[in-house]
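Below is one structure, written out as structure tokens, with a few remarks after it.
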Amino acid sequence: MRSHQPINPGTHLKNNALFSEMDDREIALIARETRELRYERGESIFHQGDACTGFHIVVFGQVKLSFISPGGAEKIVDVVEQGQSLGEAMMFLDKPHVVSAQALSDSLLLHVSKSAVLGGIERDHGTLRKMLSSLAQRTYRLMMDVEGYTLRTGKQRIVGYLLEQLEREDQGKEPRSVDLAVSKYVIASRLNLTQEHFSRLLHELSDIELIKIDGRRLTIPCLQRLREYQFK
């Protein structure tokens, strides 16, 4: 775990897209009901079925969202990273968590209480609009996941994942690269693949020179070729 440096919750709330248009007074009101939570790698944040008392913002680290199938297999739904949030939907639905959350690395989260969010919405309807936009984007992403599982090959799913990672960074000139920040098991489960199948497909993509593999770093010689392959 990183050394415990005090943080200002209000600063991180202001930097989050959901609250970016709020004034300092409104941020301060919500910050009063915001808790700083630190987790070590592998530590549980909440379990499937736990009551949802608010939502979380990831200040640093990575959080795995998953559930266990009836057969006992783990299915990873998403990996939430720095600046992203989790738990908003269940908070609004007033239902228990439908997935479990676990820190993939040492992480610092902010827990924003449900009462603070609802109070902020009553005072500033812009907050509701932004939260609905965030939830809509997540729903769209889940729909694209379902499409990928049913209509795309394993290699196309991997290519889509790599393009998604590249979109988060502006690296300028080619060749571009992606560092696998989480384990192959996590990425494979996220893409509805076994770890062995995922590794084999990576090498097949390497064989046709769409990527170059150097440990956890994947280099993309030609981004346009990678984009075109996604829809073959």
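The values are calculated or read from the model by the stated rules, or taken from the named source; none is laboratory data. Quick caveat: nothing in here was measured; it's all calculated off a predicted structure. Note: ideal-geometry Cβ built from the backbone for every residue, glycine included; neighbour counts use all protein chains shown. Each accessible area value is taken on the protein alone, full model and side chains, heavy atoms only, with ligands, DNA and RNA left out. Shrake-Rupley method; radii C 1.70, N 1.55, O 1.52, S 1.80 Å.
Relative to the present Cα-Cα distance, how much length would full extension add between PHE67 and LYS232 at 0.36 nm per residue of separation?
56.2 nm
I want to check the label-to-label distance for SER44 and LYS212. Put each point 7 Å from Cα in the C-beta direction and report it in nm to one decimal.
4.5
Just to be sure I understand the model, the point goes 7 Å from the Cα along the line to the Cβ. What's the resulting ARG168 to ASN192 distance in nm?
Result: 2.2 nm between the two label points.
Nearest 0.05, what FRET efficiency do CYS222 and VAL182 give at R0 = 25 Å with Cβ-Cβ as r?
Values: r = 25 Å, r/R0 = 1.01.
That gives a FRET efficiency of 0.50.
For a label point 7 angstrom out from the Cα of THR11 toward its Cβ, which stretches of segment 103-134 have the backbone nitrogen within less than 18 Å?
The answer is 108-111.
Can you compute the radius of gyration and Dmax for the chain, using only the Cα atoms, both in Å?
Radius of gyration, then largest Cα-Cα span, for the chain: 19.1, 57 Å.
Can you list residues from other chains, or at least 5 along the same chain, whose modelled amide H is less than 5 Å from the amide H of SER177?
For SER177, whose amide H was placed from the backbone, the distant partners under 5 Å are ILE220.
By per-residue mean of other Cβ atoms within 10 Å, what is the highest-first order of 24-34, 107-117, 42-52, 66-76? If you can, show how the numbers build up before the last one.
Numbers: 24-34: 16.2, 107-117: 20.5, 42-52: 14.3, 66-76: 11.4.
My ranking of the peptides, most packed first, is 107-117, 24-34, 42-52, 66-76.
Please list, or write none, the aspartates and glutamates whose alpha carbon is within less than 16 Å of the alpha carbon of LYS75, excluding same-chain residues fewer than 8 places away.
Cα-Cα hits under 16 Å: ASP145, GLU196.
Before rounding to the nearest 500, sum -39500 (n - 2.57) across all DSSP H runs of length at least 4 in the chain and divide by the residue total; then give [θ] at 222 nm in deg cm²/dmol.
So the helix-based figure for the chain works out to -13000 deg cm²/dmol.
With every protein chain present, what is the per residue accessible area of the chain (1.4 Å probe, Å²)?
That works out to 55 Å² per residue.
Identify all aspartates and glutamates with a Cα-Cα distance to LYS95 below 13 Å; exclude those on the same chain that are fewer than 8 residues away in sequence.
Excluding near neighbours in sequence, the set is ASP50.
Given Cα pairs under 8 Å that are at least 6 residues apart, what percent is the relative contact order of the chain?
It rounds to 19 percent for the chain.
Mind pulling the angle between the C-alpha long axis of helix 154-167 and the longest principal axis of the chain? Nearest 10 degrees, somewhere in 0 to 90.
It works out to around 50 degrees.
Could you list, in their original order, any pairs among LYS173/LYS232; LYS64/LYS232; LYS184/LYS212; LYS64/LYS114 whose Cα atoms are separated by more than 20 Å?
The answer is LYS173/LYS232; LYS64/LYS232; LYS64/LYS114.
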